[in-house]
Amino acid sequence: MAIEIPTNTALYIPVGPFLDKTDGISPELSVTVANSAITLIAGAADETAPTVVLDSVAGNNGTNTLVHITDDDAGMYYLKLTASNNNRYGKGTLIIEDTDTYVTVFHEIQWVSVPYYNWKYGTTLPNVNITQISGDSDAADNLELAYDGTGYAGGTTKQKVDLETVKTKAITCADAITILASVGTAATSTAQTGDSYAIVNHADYGNAHLVRSKTPANTLSVDANHFVAVPETQDVNAKTVTNGAISNATFNADVGSTAYATNIIALAVRKVLDELKLDHLIAVAESDDPVDNSIIAKLAATGGDWSTFVGSTASLQGIRARGDDAWVTAMGFAVAGDEMKLEDDAITAAKFDESTAFPLKAADTGATILARAGDAMDLVDAPNETAVTAIQNGLSTFDSTSDGVKLTTGGIDAIFDRNSSLSISFETLINRIYQMINDKMEVTNESGDVVLRNIADSADIATGNVTDNSTTTVRTGLTWV
């Protein structure tokens, strides 16, 4: 830690410890101060080179004397520094050396102001001297004048805030606003009652017209225009609404009229129907019939001509009745239980093209059907060209030089890619069987690990394990990579 020294002050500072140069720990209590060289270097506050204050001064020169501290056993001495030595601020370095006797002593020096030194190490309070406030020296001067009793800059009137006066006296402010003394009363306050404290002087809705109602409690009764004084017993209903509150003065007569032409609500409804063209939906005239070309007429009759509509046959009910009759009396069908059976000879050659489909006959039995099928599907003695072509869609052309039939590439892929019950394709199954028989398999004796290699013996294609408990040897299923 640096030794702090008040600037421009002569004083003694403790230095050391001085330790024997041989072991570096034994204190030197009686060094020859004449052989000690004292050097003091002062640092600069900017890029200026440091200053040599003492240059290898002997410890007995009378000015900067080095003396052993009385009753000290730790190798501590004190050194005298003059005011001229300390006539500076900032950091410095003190060096005391005698290479023949003790280890060189180093100390860091810190020169500080006298007020700071006295405040830190004494009982003197620090002095505060503000020369600027926010960079403004005039502001600092005005602040000083405001509190030193001479007044503030720009005049001699003193600024004063007397809270006791505020508590005990009424203060009149600008715009004739008066703060009563009761505001500052500490223990009690004066109740603010009477009309003079809160009054609304308005001809229509001032204090005089604000009337508290009893039912419901503490509410105000008002009319449609403004706050007024309403008697406690008066009801506000449709009878008390005066002409003008509703702009139509004949509202009651218009709404109560039973005549279509004079009832404004009925006329308004008709206006809405006309705007939305809902009058075209039915457009009822003096009879029960819809008007021609109305939506209903167009849905029911061709061309929207209602006169052509026959309810017994063209209505939804009539159509349904006609359909029921048709299904019940349909010719050529006989319903027996839950089955529908064809009548004998229902499908005949005249209705069924024998050139493209197989005809059924009423007299056919299982044997006759098979016999007649043989005539058309004989693939050996008299092959049917159409049947053979259909079969060859999945096969290649017949190879007359061999006894077999060649499959197309698509047919072969379909067979080999089909999954078996093992959830793998036929092609994968054949490959794995071949690899199990032909490829190299390695078994590690210590671990029992099994590895099946590929044909080139360059990679593992399956792994497993073999265990032997001296009674049973078990090989786990292979896991294919």
Going by what's in this entry, would Lys80 be described as under 22 Å from Glu28 (Cα atoms), among the basic types (Lys, Arg) and out of contact with any helix residue (DSSP H, G or I) (no Cβ under 6 Å at 6 or more places or on another chain)? yes
Scan the range 427-457 residue by residue and report those that are closer than 30 Å to Ile412 by Cα and in a loop (DSSP other than H, G, I, E, B). Asp439, Lys440, Asn454, Ile455, Ala456, Asp457
From the list Glu47, Glu4, exactly one residue is over 30 Å from Val128 (Cβ atoms) and within 60 Å of the chain's Cα centre (by Cα). Which is it? Glu47
Yes/no for Thr63 being modelled with pLDDT under 95, surrounded by 11 or more Cβ atoms within 10 Å (Cβ to Cβ) and in a loop (DSSP other than H, G, I, E, B): yes
How many residues, within the range 3-39, are of a type in the set (Ser, Thr, Tyr), exposed (fewer than 15 other Cβ atoms within 10 Å of the Cβ) and more than 30 Å from Tyr116 (Cβ to Cβ)? 4
Of all residues in the range 456-481 being surrounded by fewer than 12 Cβ atoms within 10 Å (Cβ to Cβ) and hydrophobic (A, V, I, L, M, F, W, C), the one that is nearest to the chain's Cα centre (by Cα): Val481
Out of all the residues in the range 98-148, which are among the β-branched types (Val, Ile, Thr) and either touching a residue at least 12 places away in the same chain (Cβ under 8 Å) or under 30 Å from Asp20 (Cβ atoms) (or both)? Thr99, Thr101, Val103, Thr104, Val105, Ile109, Val112, Val114, Ile130
Might you let me know whether the range 74-82 holds any residue that is modelled with pLDDT of 90 or more, in contact with a Pro (Cβ under 6 Å, 6 or more places away or on another chain), outside any strand (DSSP E or B) and surrounded by fewer than 12 Cβ atoms within 10 Å (Cβ to Cβ)? yes
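The values are calculated or read from the model by the stated rules, or taken from the named source; none is laboratory data. Model, not experiment: these values are computed from the prediction. Glycine gets a Cβ as well: all are built from the backbone with ideal geometry, and neighbour counts include every protein chain shown.
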